[in-house]
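Before any comments, here is the structure.
The values are calculated or read from the model by the stated rules, or taken from the named source; none is laboratory data. Here the structure is a predicted model, which is why all the values come from computation and not from measurement. Quick reminder, even Gly has a Cβ in these numbers, built from the backbone with ideal geometry, and neighbours come from all protein chains shown. Side chains are part of the model used for accessible areas, which takes the heavy atoms of the whole protein and leaves out ligands, DNA and RNA. Shrake-Rupley method; radii C 1.70, N 1.55, O 1.52, S 1.80 Å.
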Amino acid sequence: MPNQHYYSNQPEIAHDRKELKTELRGQSFSLVSDAGVFSKGGVDYGSKVLIDAMDFGQDAQVLDVGCGYGPIGLTAARMATQGHVTMIDINSRAVELAKENAKRNGIINVTILESDLFEAVKDQQFDVVLTNPPIRAGKDTVHAIFEESWKHLRENGQLWVVIQKKQGAPSAKAKLESLFERVEEVTKDKGYRIFKATKSS
């Protein structure tokens with residue numbers, strides 16, 4: 001059934017909650033995951049590579065697109081101690097988990113919203129966008145995330161993306177280069193590529 005995908009709005013699969021103790025960017029987190037959300041058994045390797053690579057100021061206004069149960073956005077919130085992180089996901093179960101995980105870890109500089117792509121933040125601008133895009137949703141969706149990220153970034157803002165080479169990293173890079181003035185491959189690790197795309201003034 002298509003609505004069983006983690007990028008659907010209302011997962012109908014039965015709950016199977018798990019507590020995950022993990023260390024991200026040298027910080028300890030206690031995260032709850034559940035069936036029907038991305039990488040429910042533990043923080044996926046691609047997200048970890050992105051978390052280790054991402055870099056921005058403490059006062060950054062950050063958007064995490066497709067936040068899942070929250071590992072990328074919550075780590076970003078601990079990095080942006082004077083800033084704020086907005087986390088969005090189409091999956092209502094993931095959004096509720098991310099809110100719960102923010103509370104569990106005492107993270108208050110976050111706003112977590114259910115959103116079909118950028119719908120819930122359509123009038124907002126950010127310094128940084130982070131995404132581990134939903135590859136299984138298809139290339140059109142991934143490229144739409146890149147296009148919308150460009151629109152929602154301030155001048156000199158940066159989009160950080162993780163994508164696997166075998167899941168379309170070359171075409172993703174080409175799409176980014178058609179939108180952004182500067183695209184760098186920051187890291188590659190076990191087939192994962194981290195791209196930083198900068199929107200110049």
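Looking at the range 176-197, is at least one residue β-branched (V, I, T), more than 19 Å from L50 (Cβ to Cβ), open to solvent by less than 40 Å² (accessible area, probe 1.4 Å) and not in a loop (DSSP other than H, G, I, E, B)?
No, there is no match, as no residue in the range 176-197 is β-branched (V, I, T), more than 19 Å from L50 (Cβ to Cβ), open to solvent by less than 40 Å² (accessible area, probe 1.4 Å) and not in a loop (DSSP other than H, G, I, E, B).
Here is a yes/no grid of residues against (1) at pLDDT below 95; (2) of a type outside the set (A, V, I, L, M):
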residue	(1), (2)
P11	yes, yes
K18	yes, yes
E23	no, yes
K40	yes, yes
F56	no, yes
D59	no, yes
V65	no, no
G70	no, yes
Q82	no, yes
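If a residue must be among the small types (G, A, S) and open to solvent by 70 Å² or more (accessible area, probe 1.4 Å), how many such residues does the range 7-57 contain?
Qualifying residue count for the region: 2.
Find the helices (runs of 4 or more DSSP H) located wholly in the range 33-151 whose residues include 2 or more that are closer than 27 Å to A174 by Cα and not aromatic (F, W, Y), and list them.
Ranges flagged: 45-53, 71-79.
Quick check on my filter: what residues within the range 165-175 are of a type outside the set (K, R), touching a helix residue (DSSP H, G or I) at 6+ places or on another chain (Cβ under 8 Å) and assigned to a helix (DSSP H, G or I)?
If the condition is that a residue be of a type outside the set (K, R), touching a helix residue (DSSP H, G or I) at 6+ places or on another chain (Cβ under 8 Å) and assigned to a helix (DSSP H, G or I), then Q167, S171, A172 are the ones that fit.
Being out of contact with any His (no Cβ under 9 Å at 6 or more places or on another chain) and within 14 Å of V129 (Cα to Cα), is that true of even one residue in the range 22-42?
Taking every residue of the range 22-42 in turn, none turns out to be out of contact with any His (no Cβ under 9 Å at 6 or more places or on another chain) and within 14 Å of V129 (Cα to Cα).
Within the range 58-68, can you find the residues that are aliphatic (A, V, I, L, M) and open to solvent by 10 Å² or more (accessible area, probe 1.4 Å)?
none
Among the residues of the range 123-138, how many are modelled with pLDDT under 95, more than 24 Å from D52 (Cα to Cα) and either among the acidic types (D, E) or surrounded by fewer than 14 Cβ atoms within 10 Å (Cβ to Cβ) (or both)?
Total meeting the criteria: 2.
Is one or more of the residues making up the range 186-194 farther than 20 Å from T75 by Cβ and touching a strand residue (DSSP E or B) at 6+ places or on another chain (Cβ under 6 Å)?
Checked against the condition, which is being farther than 20 Å from T75 by Cβ and touching a strand residue (DSSP E or B) at 6+ places or on another chain (Cβ under 6 Å), the range 186-194 yields at least one hit.
For D64, work out the one condition from (1) under 21 Å from R193 (Cβ atoms); (2) out of contact with any Gly (no Cβ under 8 Å at 6 or more places or on another chain) it doesn't fulfil.
If we test D64 against (1) under 21 Å from R193 (Cβ atoms); (2) out of contact with any Gly (no Cβ under 8 Å at 6 or more places or on another chain), just (2) comes out false.
Considering the range 91-120 alone, what residues qualify as being in contact with a Gly (Cβ under 8 Å, 6 or more places away or on another chain) and either open to solvent by 10 Å² or more (accessible area, probe 1.4 Å) or under 24 Å from E148 (Cα atoms) (or both)?
N91, R93, A94, A98, N109, V110, I112 - these are the residues of the range 91-120 that are in contact with a Gly (Cβ under 8 Å, 6 or more places away or on another chain) and either open to solvent by 10 Å² or more (accessible area, probe 1.4 Å) or under 24 Å from E148 (Cα atoms) (or both).
So which residues in the range 69-88 are closer than 16 Å to R25 by Cα, surrounded by fewer than 23 Cβ atoms within 10 Å (Cβ to Cβ) and of a type outside the set (A, V, I, L, M), if there are any at all?
Answer for the range 69-88, where residues must be closer than 16 Å to R25 by Cα, surrounded by fewer than 23 Cβ atoms within 10 Å (Cβ to Cβ) and of a type outside the set (A, V, I, L, M): R78, T81.
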